[in-house]
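Undergrad: Have a look at the structure that comes next, please.
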Amino acid sequence: MNLIKWLGLGGLVVVMDQATKWYVTHTLQLGDEVAVLPFFSWVRWHNEGAAFSLLSQAGGWQRWFFIILAVGFVAFIVYELRRLPEGQRAMGWVYGLIVGGAVGNLIDRVIHGYVVDFVLLHYQQYYFPAFNIADAALSIGAALWIFVSVAEYLRQRQEQASS
């Protein structure tokens, strides 16, 4: 039951991610930018690389590398989800968000060979790299994973100090 619940969260991330990407690809042309707020724009950009366009100009092999990496990582997270004790809600959120984000971008890579990015945050001439729902889920999941790990470490340290 635990596995189904957290994979359901991942599935929700995938649906939201793919629906927003579908909308963007059907309403904007590649390279379009629509200012929404002074610090936020909708764009349609294609990223053949990883985070921050890492390896985007690598010549094509990176598509298959990132597909294999995502499949392996999703398999690992599902394995960890199966072993997750019932009361570990924070780690369930971590795994659900990460699986959803990884699968959302994996679908893009398999179908298109690139990931569709559409959220652009900026201030004057400073721009944060464009991203999508899957990227946000991956980032939030990773940050939560770090937070949970640090909290667990501190809790164990405190227990050792008090015994």
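Undergrad: Please find, within the stretch 130-147, the residue that is farthest from PHE40 (Cα to Cα) out of those that are of a type outside the set (A, V, I, L, M) and surrounded by 15 or more Cβ atoms within 10 Å (Cβ to Cβ).
TA: TRP145
Undergrad: Which ones in the stretch 4-31 are more than 19 Å from the chain's Cα centre (by Cα), in a helix (DSSP H, G or I) and not β-branched (Val, Ile, Thr)?
TA: HIS26
Undergrad: While we're here: So if I check each of LEU81, LEU69, LEU120, which one is surrounded by 11 or more Cβ atoms within 10 Å (Cβ to Cβ), of a type outside the set (Lys, Arg) and closer than 28 Å to TRP42 by Cα?
TA: LEU120
Undergrad: Among the residues that make up the stretch 80-100, is at least one of them within 16 Å of ASP17 (Cβ to Cβ), modelled with pLDDT of 95 or more and in contact with an Asp or Glu (Cβ under 6 Å, 6 or more places away or on another chain)?
TA: The answer is no; no qualifying residue exists.
Undergrad: Here is a check on your reading of the model: is VAL103 among the β-branched types (Val, Ile, Thr) and either at pLDDT 95 or above or farther than 19 Å from VAL14 by Cβ (or both)?
TA: yes
Undergrad: Still on this structure: Check whether at least one residue in the stretch 66-75 is at pLDDT below 95 and either of a type in the set (S, T, N, Q) or over 17 Å from the mean Cα position of the chain (by Cα) (or both), and report yes or no.
TA: no
Undergrad: Out of all the residues in the stretch 111-134, which are part of a helix (DSSP H, G or I) and at pLDDT 95 or above?
TA: The answer is ILE133, ALA134.
Undergrad: Would you confirm, using the coordinates I've provided, whether ILE140 is over 18 Å from LEU12 (Cα atoms) and β-branched (Val, Ile, Thr)?
TA: no
Undergrad: Looking at (1) among the hydrophobic types (A, V, I, L, M, F, W, C); (2) at pLDDT 95 or above; (3) surrounded by 17 or more Cβ atoms within 10 Å (Cβ to Cβ), which is the only condition LEU12 fails?
TA: (3)
The values are calculated or read from the model by the stated rules, or taken from the named source; none is laboratory data. These figures come from a predicted structure and were not determined experimentally. In this analysis, Cβ positions are derived from the backbone assuming ideal geometry, glycine residues included, and neighbour counts consider all displayed protein chains.
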